Every structure is written in structure tokens, then in C-alpha cells.
Amino acid sequence: MLRIPCPWCGERDEIEFRYRGDASKPRPAADAGLEAFSTYTYARENRCGWHLEWWLHVAGCRKLIKLVRHTLTHEIRAVGRAGDSLTLPPEGSGG
Amino acid sequence: MSGSHRISPGLLTKSATAIEFSFDGRALTGLAGDTLASALLANGVRLVGRSFKYHRPRGIVTVGPEEPCALVDVLTENGREPNQPATTLELVAGLVAESQNRWPSLSFDALAINDRLSRFLPAGFYYKTFMAPGWAWEKLYEPLIRRAAGLGRLQAAVSEHAAPAETVHEHTDVLVVGAGTAGLAAAAHLGRSGLRVLLVDQDVALGGGSLLDARWSSWREAMLARLQELDSVSCLSRTAVVGAYGQGVFGAIETLAPAAIAASGGVRERMRIIRARQLILASGSVERLIAFPGNDVPGVMLAGAALGYLRRYGVAVAQRPAFFLNTDEAYEAAFALADAGVRCAGIIDVRPASKAADRARARGIEVHSHAVIAGVAGRRCVRALRVTDADGRNRRTIEADGLLMSGGYSPASALASQLGAALVWQPAIAAFTPALDSASGYVVGAARGCFGLAAAAQDGEKAAAAIAKNFGRSLGTLSPAPDLPVELEGTPIAAVWEIPGRGKAFVDLQHDVTTADVRLAHREGYEHVEHMKRYTTHGMATDQGRIGGLVGSAVLASARGVPLSGVGQPQPRPYLQPVPFAALAGMEVREHFKPKRRLPLHHWHEGAGATFVSVGLWLRPLVYSKQTGWDPVLNEARAVRRSVGITDVSTLGKIEVQGADAGRFLDFVYANSMSTLAVGRARYGIMLREDGMMLDDGTVSRFGPEQFVLTTTTANSAAILEHLEFQLQANCPTLDVLLTDVGDQWAQFALAGPRSREVLAAVVSGVDVGNEPFPFMAAAEARFAGCAGRLFRISFSGELAYEVAVPASQARSVWLAVLEAGKLFGICPYGLDALNTLRIEKGHVTGAELNGNTSADDLGMQRMLKKQGDFVGRMLSQRFGLSAPERLQLVGVRPADPARRLRNGAHLVLRETDASSLGYITSSTPSVEREGWVGLALVAGGRARIGQQLIARSMIHGETLPIDIVSPHMLDPENLRVRA
């Protein structure tokens, strides 16, 4: 079970949150075309390593937050508000 | 008398209070503080069970939760609780226990024939032997095998009043697992730093190995006293950590003392979910068996267990025991038993010489150095031992009534492995030790191969100092602890795993896995230790094969011709010991399994005789009758069509959308336009998923330029709120919009039927409800019987209808006022079934049609999708495949013969014999408007088939039925009624 440090509420159990997917894929502009929306909707890398994720704190502040999580070790390296831009650590570092 | 083999008081049985119990119908006496195992041994009972597969006689092997053999059934007033380890089962007055897996009796077991047939029953035999015919596995072989194999049988009458287990949430700075000398020293030191420390140990008393050594009692007492004084330290005995889940989360099960159960309201277990910032793993080590032929005969026991029975319970496990060992540490048991006056039949030491052997000889104990056990005589108990030199020569026999073995000690590092620790082979101690990174925890003492009570204590102190430093804390000045007892110099271990010879040598006593089974697995290609484990089931029994785990790996290494370090051990997974389901369920049982949501008017519905149905968590009135069948439903639906009815739709999701950009946001999340909605108007809306499929439907009403309220379907209310919050915060972060869930604040009723306006007029004020001033799809704030609320002219039933929303606290008075006003017209409350009948006739969709596989075009709503502006699902909904003419499309269905009924789920086919389905019926009901049944269906190319006839085929009911495909709008397609 993850312990997620919500930037608004502090560290809480994973069960308070709902995972909302890959946060590294911004929604394409309205005129971006079918290919871009198809990639946005379906293409996922399922990578082993650092991953930028959306989590919604449904049983807390109901804010959408961003996490940098390692998909193998579950280490949470960084956390931010929905508008923050977080960068992924280099591949192969830590975790 | 508490047993002829009780020779001294024992640490846990000091009070000497006699307790009566029975085993296999035999009345026996034990002492308070005994386990069932110690009480049986005190009474000289050696044979306690039959083995899993071969039905071989088995005795007690260990003194703790790692016990593989001594599993018993406990008979209680609630039935039979199987597979209780006698070694941890605390004796209570009147305990009734029975041995398992034997028939007709323990001493004569008919299925012991399996032992003779064992060459036909090797590991994996059932995969190979019982292959054909195909039907026979389920019907014949499996039931037979299940009866012959296995252990206890569950036979519990679940008591209605049985107390649930409890769940406790723990938060601490440092979790210390294990209260041996390492754990006690670590906790006592850390406690001084002000850090919160939680010390847990599975044993009934804290102290671990120090409980077995009288020289350590004053040090232990001093440490426990120190811990007692520290407010920042909590100590839990009887608490086993059963899993490590990362991020500092651990699961532990506390088993309450029998005497404490009554005081805790019958609670027997507490699941403790522990969240810790740092871990000290001081879980000690586990003594290993040696795989020699006959190593399972009752009377063969671990040497450390014999020491445990003597120190803890004052019980001598044998009168003339021999020892088979390879470490100096294991001699402790021989010396302790000799000190207590038990005559030793001899020590067989694998090593050519050792310091402990010298000490034993000096005490007059015979030691056979460089020798091994090649066989055991005796079936129901050890009678004699065949001893040879290590090279197999010089056979001799030793008379003995017990054999106490020790193959060395394996660090109990399972929790470290779960946290990702790699295992490192340590030749000096012939064991793997865990390499855990310090961010995940510190492994101390025997758990990391640092053996010896004093060395472990010092190791624990060192870890405490390191952790305090990491947290920036000082340990302060320590009052001096009593000096640590001096440990004697010893000779190192010589690894020994298996002794070849005739007869079965077990590596897993509970699952009856032998060294031959491991070699067979290797021959058949299962070379990886994880594959060998699964092929032989070695380590997959309730004890997880703890005392023989490494031995199995060693046999595999020998078969593969590689060093043991290259084979490793299987990954240990949670739970490390059996956990009762009751402990996992905690309080969430029976009516607390899931919450029940009741409508604001629940008690009124109940009083009106409603039958309720669970819809998600909600309890909704299905029909206002206890009578089964369609009549009461159709009476309610008919009242709506002919006059007026009222139904409770408070379960609909309701979300307030406010702000300068509320309209723009709604345009983005709805597929149809919402910003163009005028104040005082409502509109039906559909939402799509980003992949273009239908997500949900509902209404949006506008009460001000910046104020909207939307409804969602009952089932999707939570998911749609999340969806909107995600879309707003992730994709529209610059919009000025506030979302508020008001689902529980508003009660909402639908007032439907041709007379609904007249009823409404009698209770409403502030709105002229005439057809012109308040037309179809109008919305306004209004008062109802004096209560402020909202009025919507929307219709799900297809009739002239209104929805009235009032604060939930006012629901009852407004509902009653409407009923009073409706009396004149015979107003009828209607339930979910009648609601369904009405909407099917009208062709409105619900969850059965909004099933995640339907597009807007499938449901005939393609024209609602706006052409201008972006919205969720816009781009992908334009894919031609989502509006392809051959897709399953919504149609109405009616049986060609009105006397016959429709079946939900029935497949639609062209001809009776067709196997390929064109679609299926999603909803159906007897009609009040038309003769016979009506239904909705999703049919391939359905709209083009309107007017055709198909066959509805229900395989479940064995029915075929010609049906007519019709428009889904089977009632008032011109919408005249809703506009009346």
C-alpha cells in the first residue's frame, strides 16, 4: 500500500486516492487530429521506472495531484499540485 | 498431576494451575501457560497426527508457529476449527482437540497404505496420471484425492453473534519486529531518543532466545522495566508481523490470550495495520531440519524445540534422547536436559571435532564425532537409530526414545525479502542473509546472521544509534544495563543437508515432500527453485516449509551440480503464517460488510409496505407491495399513465456547477451544447468518454448566468463527480468553475401522469405551472407547501411530469403534502419496477443500454453531438467504426404472439437454428400501454431491421420466440403527452 504525500493534506493512505492515469500525456489541442487523440487515449508505455501520475484525493481534499512514482519500487520521489510541472529523474536512477 | 514428563516448573507454567483437556477423546491434565503441544508432551503423547499424503504417523517437531506436523482440530460450540498448530494453541480448561487426517483412528489409519504405494504417487503424480477421460478429473479423481489428502476439515456453524475481529491502525516512527535481545536492546535505546517505537513479537512473552537462558533473566528484566518506563515505546506480544507492503506499511495479527477474549467482547484477533517511518528487523532465526531417512518419525524434533519445552514448560520431550547436529549452539539443549537429569543416549556430530563436543565428553556425554544418522527404527515413535561414520562405514545402533536434530540456523529474513532485500550466501554460517538497504530498514541480530544473544544485543544497539542519528535525535545518557553474559568460544558449523539411505527423507514435513521429489522435479526440468517449489509444493503448506526450506534448495543444488548460492530460496510472500479470514474481515462483516444508504424517506417507504432492492449501496423501493409478480407493478405504472403517480428519485447524482466559466466547462464535458441553455430551462445531456463511447446521461438546468445543476444516473454518481473534477483540474485548469456535490442535500421526487399539474398546483407557490408559462423542459425555484426548493418539468416516464427537489430534511413534509393534494386523483406512489416499465415503453435508456459498449449513434443520439467546439470524446467519436451501420443499435422489440413474454438477455437470431447472434434484449417489461410485453434490444443494423421479424432465443430458459423489431419509441413518439 502506498503512502501518498498530498500537498494539501499531508501523508495519507493510498485508499483515500483514485489513480487517474499517466500525467505525462497532456490532452491534445482541439485541432490536433485523430492520430493525436488516439495516442492520448490508448498509447501507454507501461514502463518499468519513473512515472508521472495523476491521483485524485477523493476521500480528502478532492484535489488532483501529480506524483513521480517508481513503478518497480513504488518510491514516490516528488509530488505536486495539478498545475505544477514535475520532471522525471533520469532512467536507472534510484528507486 | 500435569504429566509424567514434567520435570521442572517452567518459565510459563510457574503457577502450576492444573487444567483439564482432552485429545482424541482421552482426558488429560496440563498446566496454565501450557500450549496443547507442551501439555501432550508432558503426558508422554508422541503421536499427534497423520501426514498429508502418505498418512505417516507424525509427532511434534517444533515449539512455535513454524510447526509442520502437529496440526489439530479444535471442537467448539460453533463447530470444528481445523489446522490449529498445537505448538501455539494455548491450553484452556475444557479444550477438546482431535488429530487430523486419519481414519478410523490415529494409531490405525487405513490410508497409511499410501505410504507403501508411494512409488506410484511421486510429486506431480496427479498431473500425469489422472489425465483422461476429461470429465473424470472433476467428477472422480479430484474428489477422491481431496478426501485422501488434505488436513483438517472446516465444519464451522457461523454464529450470528460471533464477535468480529478488530482492525487497529498504528502509526510509529520505528517498528521493531522481534523482542529477542537484539530487538529489546534496540527498542530500549531508541526509546530514549523520544522517537515513537513499537516493539512487536509473536511470542506470548517478550525476550526471544533470552527466555531459554537463565543467565539472561536479569538483563531481560532490566530491559523490560526500562521499556515500561518509556512513554514513547509500546510493546505488543502475541503479535506476528505477517507481511511487509512497502512505504513503511506492515500487517500484523495479534492473537489475544484466551483469558483476554471475554474482556474484549469476544474479539479473538486484532489486525494491526502498522505505518512506520523506519524498521528494525530483529526476527531471529529458524532452526533447520536435516533430511535423513525417517526424519519424520514421531520423537524426531528440533533440538532447539526440546530446549524450549524444557525451559518454557518444564517438560522433558524424551527420557533418553539422542542428538544429531552440526553446530556448537545446538549442544545447549543437550547440556540443559543433562542438567535437568535427563540421560542422553549420545550426540551424533557431523564435524570431526568441536569445542562443544569436548565439553560434552568432559561431562560424560558420549559424542559420535564425524558421524551421521542413516536411519530411524520405530513407526509410531523413535525406538533406535542407525548411526554410521560420515563416509557411511562403521554401522552401529543406538537405543533412544527421541532424536533431537539441528541442521543449523537460517535467518528469519522473509520480511526483508518482501522489502526487496537480496539474499547473500554466507559460508561461515551456512545460510543466506538479507542485504536490505538502510532506507527500507535495519536487519539486526540473528536475522542477519549475527548469532549469539550478546552479539545480537550489541547489534541492536548499533542500529538504534544509526537510526537516532538519521532522525537527528540523541540517545541521551543510558543508565548502565547489567553486564551481558559471556559467550563461550565455539567451533563453526559444517553444512549438512541430506543423508542418503533407504527410506523417505523429508524436506517438507507438512506437504510430504521428500528429497526424491526434489530430484524428480529437477529430472523433469523444473530446475529453478521457484519451479521446483511449485512442482513439488515444497514450502506451500501452512508452515511455508520454514524448517526445511533451505534443505530443499540444497538438494536441488546438488541435483543441478551447482553451489547452493546459485540456487537461492523461493521468494517468501505474505502472509508469513496463516491468518484467519475473520481477522482480515475485521468489523466489516454481515450488515457492516458495506454501508447501506437509505433515502430521506426510507421510513415512509417502509411504512407504505415497500419491497426494497439494493441499487449500488442504496436501498430503493422496488414496488409498494410484498406480493410477488407483475400485478402490483403494473397497477402502479397504470396509475401514472391514467392519472398521477409519485416516485422517489433522490438517488440521482446532483452536482452544482457554478462560476463565470460554468457554461464553457459544461460544453466541454457534455457532447451537446449547454452554454446556450437559457436561465430557467433544463436540457437532456449526454457525456462521452474520451474514446467516444457513451459515459452517462442526465439533465442540466440553469438557475442563473453562472449557476447550473446537473443530474447523473444513480449508479454513476460518484464516478461522474470524479470525472468532472479530473477534467476541470487536468484539462481546464484556467476555467473559473466550482463543482459541488449536492446529491445528499436534495431529495427529489418525480410527479408524473396527466393529472400531475393539478396536484402540483395545489402545493406549489412562486411559479405559474400552466403549460405556457412553465413549458416542457422549464426549471425554476419555487416553494412547495411552504418549503423552498426547485421545480423541473422533465419526464422519464413519457407522461406530463415534474421533478420536485427540496432539502432532504424537508422531504417528508413536502412528500406528504403532495400525497394529500393527490388523493383527489388517486395518486399512487410507484417504485423502481414501475419506473422501469414506464421508461421502456417510452424507449428511454438506462444502465442496461448505457453499458460502456454503446456509442451515441448506437442509441440514436448522433445528432445531439455538437459540430462546433471541443468536448470530451469529440475526436474519437467521429471514427467511422462508431457509427457503422452494422453496429448493435437500439430498437424496440415486441413478441409476435402477445401472449408470450420476453426474456432479458435472450439472443436475437435470424432462424431458430442459428448459432450466431445478431444482438440481445437489454430490457423488457409487460406493458400497460400495449398488449403483452415490450422490450429494448441492441441489434446489429437494428434501425434498418425495424419492421422485420427475428427469433429471440433464450438458452437459459430453453425458449425460442418470434419477435417484431419496432422503433424504440413505443409510446407517444411525437412527445405530445410530455408537452400537454
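The values are calculated or read from the model by the stated rules, or taken from the named source; none is laboratory data. No experiment lies behind these values; they were computed from the predicted model shown. Please note: Cβ atoms are built from the backbone with ideal geometry, for glycine as well, and neighbour counts cover all protein chains shown.
Side notes on the structure shown:
- Condition met for B:G947 (at pLDDT 95 or above, surrounded by fewer than 17 Cβ atoms within 10 Å (Cβ to Cβ) and within 21 Å of B:G860 (Cα to Cα)): yes
- Remark: pairs (first residue in the stretch B:618-630, more than 12 Å from B:C828 (Cβ to Cβ); second residue among the acidic types (D, E); Cβ separation under 7 Å; 6+ apart in sequence or on different chains) = B:P621/B:D648; B:L622/B:D833.
- For A:A43, the criteria (1) more than 11 Å from every other protein chain (Cβ to nearest Cβ); (2) crowded, with 16+ Cβ neighbours inside 10 Å; (3) within 27 Å of B:D870 (Cβ to Cβ) hold in every case but one, which is (2).
- The C-beta contact set for the stretch B:740-751 (first residue at pLDDT 95 or above, second residue part of a loop (DSSP other than H, G, I, E, B), distance under 6 angstrom, 6+ apart or interchain) comprises B:A747/B:P600; B:A747/B:S650; B:Q748/B:V649; B:Q748/B:S650; B:A750/B:V649.
- Across the stretch B:2-23, the number of residues qualifying as at positive phi and crowded, with 19+ Cβ neighbours inside 10 Å comes to 2.
- Hits in the stretch B:90-104 - residues which are within 26 Å of B:Y309 (Cβ to Cβ) and either in a loop (DSSP other than H, G, I, E, B) or at pLDDT below 75 (or both): B:L91, B:V92, B:A93, B:G94, B:Q100, B:N101, B:R102
Residues are listed down the side, and each one gets a yes or a no for (1) assigned to a helix (DSSP H, G or I); (2) surrounded by fewer than 20 Cβ atoms within 10 Å (Cβ to Cβ); (3) within 24 Å of the chain's Cα centre (by Cα):
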{"site": "B:G194", "(1), (2), (3)": "no, yes, no"}
{"site": "B:D203", "(1), (2), (3)": "no, no, no"}
{"site": "B:S210", "(1), (2), (3)": "yes, no, no"}
{"site": "B:S217", "(1), (2), (3)": "yes, yes, no"}
{"site": "B:D231", "(1), (2), (3)": "no, yes, no"}
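- Residues that are without any contact (Cβ under 8 Å) to a residue 60 or more places away in the chain and away from chain A (no Cβ under 14 Å), drawn from the stretch B:843-873: B:H844, B:D857, B:Q862, B:R863
- Restricting attention to the stretch A:23-40, the residues that are under 16 Å from the mean Cα position of the chain (by Cα) and either charged (D, E, K, R) or within 10 Å of chain B (Cβ to nearest Cβ) (or both) total 5.
- Strands (runs of 3 or more DSSP E) fully within the stretch B:685-744 that include at least 1 residues being over 36 Å from the mean Cα position of the chain (by Cα) and away from chain A (no Cβ under 14 Å): B:694-704, B:707-712.
- The sole residue among B:F612, B:F581, B:F665, B:F593 that is in contact (Cβ under 8 Å) with a residue 40 or more places away in the chain and either surrounded by fewer than 16 Cβ atoms within 10 Å (Cβ to Cβ) or more than 30 Å from B:V424 (Cα to Cα) (or both) is B:F665.
- Unique residue being out of contact with any His (no Cβ under 7 Å at 6 or more places or on another chain), surrounded by 22 or more Cβ atoms within 10 Å (Cβ to Cβ), farther than 19 Å from B:M674 by Cα and of a type in the set (D, E) when the list is B:E799, B:E781, B:E722, B:E758: B:E799
- Scanning the stretch A:46-61 for residues that are within 11 Å of chain B (Cβ to nearest Cβ) and crowded, with 16+ Cβ neighbours inside 10 Å gives A:W54, A:W55, A:L56, A:H57, A:V58.
- Residue match in the stretch A:66-81 (condition: more than 12 Å from chain B (Cβ to nearest Cβ) and either part of a loop (DSSP other than H, G, I, E, B) or of a type in the set (K, R) (or both)): yes
- Candidates B:S625, B:S565: the one that is small (G, A, S) and loosely packed, with under 15 Cβ neighbours inside 10 Å is B:S565.
- Scanning the stretch B:837-893 for residues that are aliphatic (A, V, I, L, M) and either assigned to a helix (DSSP H, G or I) or surrounded by fewer than 16 Cβ atoms within 10 Å (Cβ to Cβ) (or both) yields B:L838, B:I840, B:M864, B:M875, B:L876, B:L882, B:A884.
- Taking every residue in the stretch B:231-247 that is within 18 Å of B:A179 (Cβ to Cβ) and pairing it with any residue that is basic (K, R) and in a loop (DSSP other than H, G, I, E, B), at least 6 positions away or on another chain, the pairs with Cβ-Cβ distances below 9 Å are B:S232/B:R192; B:S232/B:R196; B:V233/B:R196; B:S234/B:R196.
- Residue list for the stretch B:551-578, filter: of a type in the set (A, V, I, L, M) and under 20 Å from B:P65 (Cα atoms): B:V551, B:L576
- Only one entry in B:L739, B:L751 is surrounded by fewer than 22 Cβ atoms within 10 Å (Cβ to Cβ) and not hydroxyl-bearing (S, T, Y), namely B:L739.
- Members of the stretch B:496-527 found to be over 26 Å from B:L302 (Cα atoms) and surrounded by 16 or more Cβ atoms within 10 Å (Cβ to Cβ), listed by number: B:L520, B:A521, B:H522, B:Y526
- A single member of B:S413, B:S406 is modelled with pLDDT under 95 and within 30 Å of B:V443 (Cβ to Cβ), and it is B:S413.
- In the stretch B:283-297, the count of residues that are modelled with pLDDT of 95 or more, in contact with a Gly (Cβ under 9 Å, 6 or more places away or on another chain), crowded, with 21+ Cβ neighbours inside 10 Å and more than 30 Å from B:R58 (Cα to Cα) is zero.
- Selection status of A:T87, of a type in the set (V, I, T), surrounded by 15 or more Cβ atoms within 10 Å (Cβ to Cβ) and in a loop (DSSP other than H, G, I, E, B): no
- The stretch A:1-22, subset more than 8 Å from chain B (Cβ to nearest Cβ) and assigned to a loop (DSSP other than H, G, I, E, B), residue surrounded by the most Cβ atoms within 10 Å (Cβ to Cβ): A:F17
- Taken over the stretch B:227-261, residues that are among the charged types (D, E, K, R), over 22 Å from B:R277 (Cβ atoms) and at pLDDT below 95 amount to 1.
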